[in-house]
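These notes are about the structure you will find just below.
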Amino acid sequence: MPALSIRNLSKEYVRGKPVLRGISLDISDHGISAIIGPSGTGKSTLIRCINRLVEPTSGEILFEGQDVVKLDRRALRLARRHIGMVFQEYNLVERLTVMENLLCGRLGYVPPLKAWLRKYPEKDIAHAFELLDVVGLSEFTNQRADSLSGGQRQRVGIARALMQEPKLLLADEPTSSLDPKTSVEIMSLIRDLCRSHNIPVMINMHDVELARRFADRIIGMSQGSVVYDGTPAGLSDEQLKIIYGGQNWLH
Amino acid sequence: MTSASRPNPFKSSAWSRAGWVALALYVVYACSRLEITWARFMVGLDNGARFIGRMLPPNIAQPDSLAKGLTESLEIAILASCLGILISLPVGLLASRNLMPVWATWPARMCIALCRSFHPVIVAILFVKAVGFGALAGILALMVASVGFIGKLFAEAIEEISLKQVEAVRATGAPFMNVITYGVLPQVFSRFVGFATYQLDSNLRNSTMVGIVGAGGIGGTLFSAFQRFDYDFVCAILLSIIGMIMVGEVLAGWVRAVFLERGKVEGE
């Protein structure tokens, strides 16, 4: 039973110039699926269509028995609680503390007055402390998010997404703003956490080596269509040439 | 080689010289129309000196009236500021074009523009007609002024926030109010505190004036002292207003320290 089924998804930002051309994919309910491809090929658009941060032009996105594309505002909000997202630029609320940023993950479940007063259920707070421990940021609990380094911020971002106890994790270029060593640490963290919590992951990335190393499945996109869908092992140089075009960058 | 062979680097164009001449001519003409003459100026200086002589030394002729007027002005300023701040929060939010649909921003922005159109004294006159003489009119007038000022600046501050943070909170499935509380407010809170304390100070000064049209406060005491030619009492009132404004500055600084310091530590 796939966690996510995408049927014929299309997106045009400008009429007549589709960025996504009828994409159809099934994302399995475990493991990491990495989407690779050149800039502008629609990778980010695809990820953002799934939780409708970008509105699809046509197609279906079946998640938990519902077509996300057709949901009204309230139903969409409820569905988004089950989809966690990690962003390229972390998108933390800079002026809030690390703990408050983590608790943002529960905002879909806490009523506005309690959220304002920071009165979260005990189990949420306990869960937050656990996650902080796992990502190694316990000593930063009450520090403002903008005092953290890039890698630390992304850890908070991942923890925030996991606070939602999501059924699917989306990651839009989570390591593009990080140095190579930190990128590997973040990818390991994502892989380990999602494995232990049984959460399927869909990552969009531009670092092919990183994708090969951490993904269970690689989806290569070129000009809005899927041109490769298989294991990292099967991703040959020939395939990469088809995805990216040109070969000077390969060696 | 003479300097005459090099062009003068400071030469101004004929047009700008003509402009200055035209301006000077106009000033002379306007002064003659308004009867601004040197003779009047000299007489005025003499009158001014005598006036200051009558003001000094300051004399607290009616201490009860002075104390009552001052405290009333302070109360008007604080109440008007609190009410104005409370109202300008939702109004400013509704007026921000990056977060709200057109049917919300339009009325909110019109409301703010209306509040800003008139000087507080004019608004005070209107409220005195509406609710009668006294402090209530003054409070309402300054509340309107506060909403106009804080609301406009607050809306502009919200329009400058990073939408990425808002997007992330939205993506967790948070309802609208939670998105505002966690995604928007933390980004603008410290600026909001700045606007609010500035308006508190401004209201303190305005509260001394609305009394002149009967809306309560020290303005009324000042005006009647003036009309009775009690110039030394006038001087005492003016000095006490200066004292009150200084108290207000300390108050505003304290408010800023409390809210912005907490803001840094607890991230509110």
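Read-outs throughout are calculated quantities, based only on the coordinates presented, and are distinct from any laboratory measurement. Remember, it's a predicted structure, so these values are computed and weren't measured experimentally. Heads up, the Cβs are rebuilt from the backbone with ideal geometry, glycines too, and the neighbour counts pull from every protein chain shown.
Summary table
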{"read-out": "Prolate/oblate/rounded label for the stretch B:15-55 (Cα gyration tensor, a/c 1.5)", "value": "prolate"}
{"read-out": "Long-range amide H partners of residue A:86 with built H, under 5 Å", "value": "A:170, A:171, A:172"}
{"read-out": "Packing-based exposure ordering (other Cβ within 10 Å, fewest first) of B:78, B:85, B:245", "value": "B:245, B:78, B:85"}
{"read-out": "Residue order, fewest to most beta carbons within 10 Å, for B:201, A:172, A:229", "value": "A:229, B:201, A:172"}
{"read-out": "Taking the convex hull of Cα positions in chain A, its mean projected area over all directions (nm²)", "value": "14.1 nm²"}
{"read-out": "Peptides ranked, highest mean first, by Cβ atoms within 10 Å: ranges A:144-151, B:177-184, A:221-228, B:27-34", "value": "B:177-184, A:221-228, A:144-151, B:27-34"}
{"read-out": "Over chain B: helical MRE at 222 nm, DSSP H runs n ≥ 4 each giving -39500 (n - 2.57), nearest 500", "value": "-26000 deg cm²/dmol"}
{"read-out": "Column: log10 I(q)/I(0), Debye, Cα scatterers of the stretch B:63-266, q = 0.11, 0.12, 0.16 Å⁻¹", "value": "-0.58, -0.66, -1.00"}
{"read-out": "Euclidean distance of C-alpha centroids, the stretch A:86-154 and the stretch B:95-139, integer Å", "value": "39 Å"}
{"read-out": "Ellipsoid semi-axes in whole angstrom, largest first, where each is sqrt(5λ) of the Cα gyration tensor of the stretch B:25-157", "value": "40, 26, 13"}
{"read-out": "Inter-label distance for residue A:149 and residue A:216, nm, one decimal - labels placed 7 Å from Cα along Cα-to-Cβ", "value": "3.1 nm"}
{"read-out": "Percentage of interatomic Cα-Cα distances in the protein assembly as shown larger than 40 Å", "value": "47 percent"}
{"read-out": "Residue order, fewest to most beta carbons within 10 Å, for A:104, B:111", "value": "B:111, A:104"}
{"read-out": "Residue mean of other protein chain beta carbons inside 10 Å, B:182-192", "value": "3"}
{"read-out": "Of A:43/A:241; A:11/A:70; A:17/B:164; A:70/A:167; A:123/B:164, pairs whose Cα-Cα distance is over 24 Å", "value": "A:17/B:164; A:123/B:164"}
{"read-out": "Relative contact order, percent, the stretch B:148-206 [alpha-carbon distance under 8 Å, six or more residues apart]", "value": "49 percent"}
{"read-out": "Distance between the stretch B:233-249 and the stretch B:199-229 - C-alpha centres, whole angstrom", "value": "11 Å"}
